[in-house]
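S.K.: After the structure tokens below, expect a handful of questions from me.
The values are calculated or read from the model by the stated rules, or taken from the named source; none is laboratory data. These numbers were taken from a predicted model, which means no experiment stands behind them. We place every Cβ from the backbone using ideal geometry, glycine too, and count neighbours over all the protein chains shown. What goes into the accessible areas is simple: the full protein's heavy atoms, side chains included, and nothing from ligands, DNA or RNA. Shrake-Rupley method; radii C 1.70, N 1.55, O 1.52, S 1.80 Å.
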Amino acid sequence: MKLATLFAQNARRHGDRVALVCGGRGLTFAELDANGDRLADALARRGVGPGDRVAVTMANSIELVEAMAAILKLGGLIVPLSTRLAAPEVGYIIGHCEPRAVLYGEDMRDSVAAALETLPGAARIVAGAPEAGEEGYAAVLESGAARPPPAPPAAEDDCMIVYTSGTTGRPKGAVGTNANIVIAALVNAAEWGLDERDVVLATTAMAHRTGISRLANMLVVGCRLVMQPRFDAADALALIERERVTVAGGVPTVFRMMMPELERRPEAASSLRLIAATGEVFPVPLKQRLKAALPHVGLYTFLAQTEAGFVAGLRPEEQAARPHATGRPIMGVEIRAVDAAGNDVVEGEPGELLVRSGLPGRAAVMREYFRDPKATEAAFDGDWFRTGDVGYFDADGFLYFVDRAKDMIVTGGLNVYSKEVEIALVEHEAVADAAVVGVPDEAFGEAVAACVVLERGALATADELIEHCRARIAGYKKPRHVHVFDELPRTGTGKVVKQELKRRLAAPGGG
């Protein structure tokens, strides 16, 4: 089953019903399908065909979804890029995937232009007023013929490359297939009871797999998708009330930020029946506040990963009895907790989590890392994907998340790898050494804390180092705290002891 066919099928089945709402605009299933066809024809005239990559970097919008529809219809691969990425990050990803075209918002113009200096043949399509070397999105869409493109080859199933930072500091492109996305959406429908009567709110950017999954929900069950261009707590509740949203998806930080609004106006969420949250551990006190404010709303928390998909979930009726659990593996997904030798650990003992759901690319787990056979080989143990997460199972088969083996920090539901920030820090002329750890943060779950050693005689303020990082990596990855050390604690082999750093930062007057 291909996502491309679902646009036309929904147009035939639900043509006049509203499929998509964003930024005060709406689009029916028939309009979305027709616009996807027109844009697909226009992109084909610009050289895009099956297997080609097309990068898309713009805020959640009608245009973004139309672009995704067109790329899928052509059998191309969507490469979604967050608008929060810094220019060097955009440059690396575009240089690595070599897209045939890039569609972007005006705010990403400079980053895209710099990235395409080495790819002069790529089409540049801006959602706004075009400048030299660009084409305007509206004109490109209008230029396309209103006819379906030829069906993509059945044997080619790749549909997306989502770049995720690696421990080396360089992003890796997880290749997702139509099967990956459709199966996850079918599992969502079964677990959450989704059908065409539902209205789903997406607070997450489509550049992330969680956001893309909400689009797949709309395509698979024919429900309505309501997107926010950018998250705002008050606006989110207003959308829930106005659009009669039944299912709200997001990371725990989203609902933490919405809590004052929900407690102030719980009646605005009277249509809501389910909150589905992933991206970080959902704090138990927040669960309790949600239950008190919205007793009629069920909470479904789940573990998911860009590469492994939807892994395990804790249903509403299980939240009270096991509030700290991640949940049980979803149907069809196998999870093992193993020791360093790859042997299964005993019940209650933490181990690295390995996931399997058939052959890679055929069900939940990605097919490979794009153009990175070494990383792909390292990520798999036979058919099992090594998640890099640590967890354990209890006697009833419930999974408990313990830690991230790869030093990943989750701040506001967004993944930050410490190595990536460390690389940015040591590029500053005053920094001799750096280590980055996550520290508790009431607003975002975790915050990025930088521990640096300065060059002898050098001076640098915390603000200066933070701004230095801001220019090189996405804003959410920059340190919120900077601590200067005379030296970093290391093992005999020279590895920084990050647990010791965390201990020191947690002590009174930490650092």
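S.K.: I'm trying to understand the selection: among the residues of the range 189-203, which are modelled with pLDDT of 95 or more and either open to solvent by 10 Å² or more (accessible area, probe 1.4 Å) or not in a strand (DSSP E or B) (or both)?
M.R.: 189, 190, 191, 192, 193, 194, 195, 196, 197, 198, 199
S.K.: Taking the range 284-308 on its own, how many of its residues are modelled with pLDDT of 95 or more and assigned to a helix (DSSP H, G or I)?
M.R.: Qualifying residue count for the region: 4.
S.K.: Is there any pair linking a residue in the range 405-434 that is free of Cβ contacts under 8 Å to residues at least 40 places away in the same chain and under 19 Å from residue 82 (Cβ atoms) to one that is open to solvent by 20 Å² or more (accessible area, probe 1.4 Å) and of a type in the set (Val, Ile, Thr), with Cβ under 6 Å and at least six apart or on different chains, and which?
M.R.: none
S.K.: Looking at 332, 351, which one is at pLDDT below 95 and surrounded by 15 or more Cβ atoms within 10 Å (Cβ to Cβ)?
M.R.: Of 332, 351, the one residue that is at pLDDT below 95 and surrounded by 15 or more Cβ atoms within 10 Å (Cβ to Cβ) is 351.
S.K.: Tell me whether the range 113-124 contains one or more residues that are closer than 18 Å to residue 207 by Cβ and over 23 Å from the mean Cα position of the chain (by Cα).
M.R.: No: the range 113-124 contains no residue that is closer than 18 Å to residue 207 by Cβ and over 23 Å from the mean Cα position of the chain (by Cα).
S.K.: Output the residues belonging to the range 204-262 that are of a type in the set (Ser, Thr, Tyr), in a loop (DSSP other than H, G, I, E, B) and either surrounded by fewer than 20 Cβ atoms within 10 Å (Cβ to Cβ) or modelled with pLDDT under 95 (or both).
M.R.: 204
S.K.: For residue 431, which of the numbered conditions (1) farther than 30 Å from residue 258 by Cα; (2) open to solvent by 20 Å² or more (accessible area, probe 1.4 Å); (3) β-branched (Val, Ile, Thr) fails to hold?
M.R.: (2)
S.K.: Which of the residues belonging to the range 300-317 are open to solvent by 20 Å² or more (accessible area, probe 1.4 Å) and either of a type in the set (A, V, I, L, M, F, W, C) or under 19 Å from residue 402 (Cα atoms) (or both)?
M.R.: Residues satisfying the conditions are 302, 303, 304, 305, 306.
S.K.: Also, I was wondering about something else. I'm checking my understanding of the structure. Among residues of the range 408-428 that are open to solvent by 30 Å² or more (accessible area, probe 1.4 Å) and over 20 Å from residue 208 (Cα atoms), which one is nearest to the chain's Cα centre (by Cα)?
M.R.: 419
S.K.: Also: Among (1) open to solvent by less than 40 Å² (accessible area, probe 1.4 Å); (2) in a strand (DSSP E or B); (3) more than 22 Å from residue 209 (Cα to Cα); (4) small (Gly, Ala, Ser), which single condition is residue 388 missing?
M.R.: (3)
S.K.: Then there's this: Of everything in the range 361-374, what is in contact with a strand residue (DSSP E or B) (Cβ under 9 Å, 6 or more places away or on another chain) and either over 27 Å from residue 204 (Cβ atoms) or modelled with pLDDT under 95 (or both)? Give them in sequence order.
M.R.: Within the range 361-374, 361, 362, 363, 364 meet the criteria.
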